[in-house]
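The values are calculated or read from the model by the stated rules, or taken from the named source; none is laboratory data. This structure is a prediction, so every number in the text was calculated from the model and none was measured. Cβ sites come from the backbone with ideal geometry, for glycine too, and all protein chains shown count toward neighbours. Please note that ligands, DNA and RNA were not included when accessible areas were found on the heavy atoms of the full protein model with its side chains. Shrake-Rupley method; radii C 1.70, N 1.55, O 1.52, S 1.80 Å.
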Amino acid sequence: MRVLITSWAWPTHYYPLVPLAWALRSAGHEVRVASQPGLADVVTGSGMPFVPVGRDLDMEAAFRTFVNPPAGHGVVGKPAPDGPRRTPRAIGMFAELADVMAEDTIALARDWRPDLVIADPTAFVGALAAKAVDAPLVRFPWGADIMSEVAAMQGVSDVEVEVLAPIAERFGLRDIRPREGLTLDHCPTGMQVANPAPHRQDIRYLPYNDYGVLPPALPAPTRPRVCVSWGTTIGRLDPARSLMGRVITRIAATGVEVLAVVAAHQRADLLASVPEGVIVAESAPIQHVLPGCSAVISHGGVGTILNGLSHGLPQLVVAPMLPDHRFNSRQLAASGAGRVLTAEEIADGTVVAALQDVLDTPGYRTAAERLRGQIEEKPLPAEVVPILEKHAS
């Protein structure tokens, strides 16, 4: 079986696909990963064959408009509400990505003839490539199925069809529907949206956070150890908006042991200095430092949240900024496995009191352990491969 995997060039959208790609290769299937040139090192570093398609866009600039939106910059495209409806800004951004990737990806599909196309749901080009060769499309959300909610929340259920129609027509394609087909679901049930995609197949969440040289083993904690991670996205967009250093300074004096996980190339911007006693793990895949921790504090990135839940850890999310970070945080809080503090709530003592609540209230840990069980009861990627084989036949 030939399997084409598509993602756009943002590493955290590709990482969840890696364990499945490994499983497919291990089962003897051919796998190619198609993305913009900027993802080349990330894909080849994961051991997968890479095909560059299209060109890179300045996605950091695009994301900065979500962190610091200019006046009136809520949507792109069509006016509304009384006239033609508007296109949500994120949908327009994903359509632009599909536009620059379409020609090369469709040409690759028509030449290589994959039996199956697996796509990050925000990589709309996957739906175009699948339609071009009449191959089944498989969606693989990177967390809770936010794309099944976006259009419904905006009251524009078929907006993807509309924004992709002009692109599809250039290649003789019609009626592209990125939210149809089989959806692979690695999100624990307690964090999933109320109305996820109807055709779903469970798959186990297995952490992949890129690999380098692992840090030395940490000593066993002698007091509650709290892992603080701000991922890499906020550091790329606007390091000044990161609250990582401020949070660490406030909680380090409370008697907990602080473990800070930060990318080596972002440490100077995010953690120029830390209080005495704080352990700093540079560029450490977070799943390798979480054993021994009692809680996680983060910005709301789904990778950090799912890594924490895979260890049954309660969590505190501080001032999530991007739309998906706010969405992830909402789902976490609804599950009972953590709390969320808004930017307005970040004041002296607030973070300390909230962390103490998360550590001292057994319900948070109980809920996190429940979600851990929901993750572990799902079939491993290797067990899902035969299901995909049947789906492609």
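Structure above, values below:
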read-out: Residue tally, condition out of contact with any strand residue (DSSP E or B) (no Cβ under 6 Å at 6 or more places or on another chain) and either within 27 Å of Pro386 (Cα to Cα) or free of Cβ contacts under 8 Å to residues at least 12 places away in the same chain (or both), over the stretch 20-41; value: 8
read-out: Counted residues, the stretch 344-393 - those being open to solvent by 70 Å² or more (accessible area, probe 1.4 Å), within 30 Å of Leu316 (Cβ to Cβ) and modelled with pLDDT of 95 or more; value: 10
read-out: The lone exception for Ser329 - which of (1) out of contact with any Phe, Trp or Tyr (no Cβ under 7 Å at 6 or more places or on another chain); (2) open to solvent by 10 Å² or more (accessible area, probe 1.4 Å); (3) closer than 17 Å to Gly190 by Cα; (4) among the hydroxyl-bearing types (Ser, Thr, Tyr) it fails; value: (2)
read-out: Count - residues of the stretch 140-186 that are over 12 Å from Pro121 (Cβ atoms), assigned to a loop (DSSP other than H, G, I, E, B) and modelled with pLDDT of 95 or more; value: 4
read-out: Conditions (1) at pLDDT below 95; (2) open to solvent by less than 60 Å² (accessible area, probe 1.4 Å): number failed by Pro81; value: (2)
read-out: Any hit, the stretch 115-131, residues being open to solvent by 20 Å² or more (accessible area, probe 1.4 Å) and outside any loop (DSSP other than H, G, I, E, B); value: yes
read-out: Count of residues meeting criterion [in contact with a Gly (Cβ under 9 Å, 6 or more places away or on another chain), of a type outside the set (Ser, Thr, Tyr) and not in a helix (DSSP H, G or I)] in the stretch 262-279; value: 5
read-out: Count of the stretch 235-261 residues which are among the aliphatic types (A, V, I, L, M), buried (at least 20 other Cβ atoms within 10 Å of the Cβ), assigned to a helix (DSSP H, G or I) and at pLDDT 90 or above; value: 4
read-out: Complete set of residues in the stretch 44-58 that are of a type in the set (D, E, K, R) and surrounded by 14 or more Cβ atoms within 10 Å (Cβ to Cβ); value: Asp56
read-out: Subset tally (residues that are among the acidic types (Asp, Glu) and under 30 Å from Val384 (Cβ atoms)) for the stretch 199-252; value: 2
